[in-house]
Amino acid sequence: MLKEADITPANLGRLSENFKKFGTTVDRISDVSEAVAATSDYTQSTKEATHALAQMKDAYVSAAGSIHHLNAAAEGTKGFHEQVQVLTKNLSTLNTIYELELQDTNNHLKAMNQFYSNLVQASQTMEGSVGDAKKAHDQIALLANNLGRLNQIYGNMLSAMQGRA
């Protein structure tokens with residue numbers, strides 16, 4: 001039967017070699033299946049890394065948006081600061097003008113007080129002058145009365161002298 005099946009020591013040697021090759025091939029298939037499993041793991045890790053990168057991208061886009069808003073807020077703050085500086089400068093100018101006006105008003109008030117003081121003195125002087133004028137008027141009236149009486153006496157004396165002559 002072995003003869004009919006052509007099983008010779010050479011053929012058995014080849015069969016043995018082929019079984020060895022088959023064993024090596026099976027071992028290699030096992031290595032390939034491990035490589036496929038490793039590739040599958042790598043693919044899963046790549047998917048997870050891709051997902052993580054997508055999340056990082058979203059976080060970066062969000063951070064960039066926040067930075068953009070922060071920059072806009074900084075620009076707004078800069079504009080506000082500039083407006084406050086202009087306001088401070090204007091208030092300083094107004095304060096200077098107010099101080100000058102206050103000094104001018106103070107000087108005007110001093111001049112008005114001096115004027116009213118002089119006016120009071122003039123009024124008091126005029127009151128004294130009115131009294132003096134009234135006294136002078138009374139004296140002139142008395143003088144006129146005395147002069148009138150003197151004229152009457154002188155007239156009577158003249159009449160008396162003319163009547164005797």
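Kirkwood Rh, Cα Rg: Rg to Rh for segment 46-140?
Details: Rg = 39.7 Å, Rh = 21.5 Å.
When Rh is taken as the Kirkwood radius, the ratio is 1.85.
Answer with one residue from Met161, Leu100, Ala136: the one whose Cα lies farthest towards the positive end of the charge dipole of segment 93-165, charges on Cβ with Lys, Arg +1 and Asp, Glu -1.
Of Met161, Leu100, Ala136, it is Met161.
Angle check, please: helix 9-164 long axis (alpha carbons) against the longest principal axis of the chain (alpha carbons), in degrees 0 to 90, nearest 10.
Helix 9-164 sits roughly 0 degrees off the main axis of the chain.
The list (1) 51, 43, 42; (2) 228, 15, 15; (3) 65, 42, 33 gives values of Cα extents along the principal axes in Å, and only one came from this structure; which label was calculated from it?
Given (1) 51, 43, 42; (2) 228, 15, 15; (3) 65, 42, 33, the structure-derived one carries the label (2).
Positive end of the charge dipole of the chain (Lys, Arg +1 and Asp, Glu -1 on Cβ, about the Cα centre): tell me which of Thr39, Thr25, Thr88 has its Cα farthest that way.
Going by the charge dipole, the pick is Thr88.
Just so you know, all these numbers are worked out from the coordinates, no wet-lab data involved. Since the structure is predicted, the reported quantities are computational estimates derived from the model, not experimental observations. All Cβ positions, even for glycine, are placed from backbone atoms using ideal geometry, and neighbour counts span all protein chains on display.
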